[in-house]
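Beneath this line is the structure, given in structure tokens, with notes to follow.
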Amino acid sequence: MDKKKHLLITGKIGSGKSTLISKILIAQNEPVYGFFTKKEKPDSSGICHVYVHDPNQPRKYTKENCVGVCTIGGSIGFSNIFDHHAFLLNNIPEGSLVVMDELGTMESEASLFCSAVLSILDENFRVIASLKCKDSPFLNAIRNHSGAKLYSINTENRESLYKDILQDPELGFFFNRVRKLTT
């Protein structure tokens with residue numbers, strides 16, 4: 001059985017993807033690189049802004065890190081802002097833990113950003129990523145990566161999934177440290 005270095009979590013909005021990732025990151029107890037995205041509540045006009053954040057910096061909400069907006073009619077990604085934030089996936093020490101929460105379709109036109117994500121998966125890193133339940137060439141390339149193990153989370157399994165993931169023998173390389181902390 002091949003060992004997997006990357007843990008991918010997919011599920012609908014509100015299913016618990018980010019909560020599960022946070023729980024795993026706390027248990028890892030080591031430096032984390034990568035990014036978090038956060039969709040804010042709608043403003044008075046019904047627009048939700050989406051921001052990208054460095055996991056090691058205080059969160060900020062500015063035009064410089066607003067990567068897109070969501071409206072009733074759909075979402076619009078700002079590829080130039082995504083591409084600018086590809087730096088969050090550069091110069092990471094080999095073997096490090098990289099979080100990518102969350103990957104979706106908004107960044108599909110951001111070639112530098114998408115390239116950086118796919119490069120991280122091909123290098124010597126351990127990745128925890130959440131993926132939208134959408135179909136796109138970018139997301140499919142991530143889902144089908146040979147080093148990745150994909151889990152689906154929903155309201156029925158979100159409480160038990162953490163333990164299931166920790167006990168997955170394919171993710172042994174990834175979680176040996178966590179297993180020692182939880183056994």
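Scanning the range 96-113 for any residue that is out of contact with any strand residue (DSSP E or B) (no Cβ under 6 Å at 6 or more places or on another chain), of a type outside the set (A, V, I, L, M) and surrounded by 22 or more Cβ atoms within 10 Å (Cβ to Cβ) turns up at least one such residue. Taken over the range 50-90, the criterion of being aromatic (Phe, Trp, Tyr), touching a strand residue (DSSP E or B) at 6+ places or on another chain (Cβ under 8 Å) and open to solvent by 100 Å² or more (accessible area, probe 1.4 Å) is satisfied by Tyr61 alone. Among the residues of the range 117-153, which ones are more than 28 Å from Asp83 (Cβ to Cβ) and open to solvent by 60 Å² or more (accessible area, probe 1.4 Å)? Residue satisfying the conditions is Ser152 alone.
A search for C-beta distances below 6 Å between a residue of the range 10-26 that is small (Gly, Ala, Ser) and any residue that is assigned to a helix (DSSP H, G or I), counting only pairs 6+ apart in sequence or on different chains, returns Gly11/Lys17.
Contact map, the range 33-59: first residue farther than 14 Å from Gly104 by Cβ, second residue acidic (Asp, Glu), Cβ cut-off under 7 Å, separation 6 or more or different chains; pairs are His49/Glu40.
Note on the range 1-42: residues that are in contact with an Asp or Glu (Cβ under 7 Å, 6 or more places away or on another chain), surrounded by fewer than 15 Cβ atoms within 10 Å (Cβ to Cβ) and among the hydrophobic types (A, V, I, L, M, F, W, C) amount to 1. Of the candidates Ile120, Ile142, Ile153, the single residue that is hydrophobic (A, V, I, L, M, F, W, C), touching a Gly at 6+ places or on another chain (Cβ under 6 Å) and modelled with pLDDT of 95 or more is Ile153. If you go through the range 159-167 one residue at a time, do you hit one that is of a type in the set (Ser, Thr, Tyr), farther than 21 Å from Phe35 by Cα, modelled with pLDDT under 95 and open to solvent by 80 Å² or more (accessible area, probe 1.4 Å)? For the range 159-167, residues of a type in the set (Ser, Thr, Tyr), farther than 21 Å from Phe35 by Cα, modelled with pLDDT under 95 and open to solvent by 80 Å² or more (accessible area, probe 1.4 Å): absent.
The values are calculated or read from the model by the stated rules, or taken from the named source; none is laboratory data. Because the structure is predicted, anything quoted here is derived from the model rather than measured. No Cβ is skipped: glycine too gets one built from the backbone with ideal geometry, and neighbour counts run over all protein chains shown. When the accessible area is computed, the model is the full protein with side chains, heavy atoms only, and any ligands, DNA or RNA have been set aside. Shrake-Rupley method; radii C 1.70, N 1.55, O 1.52, S 1.80 Å.
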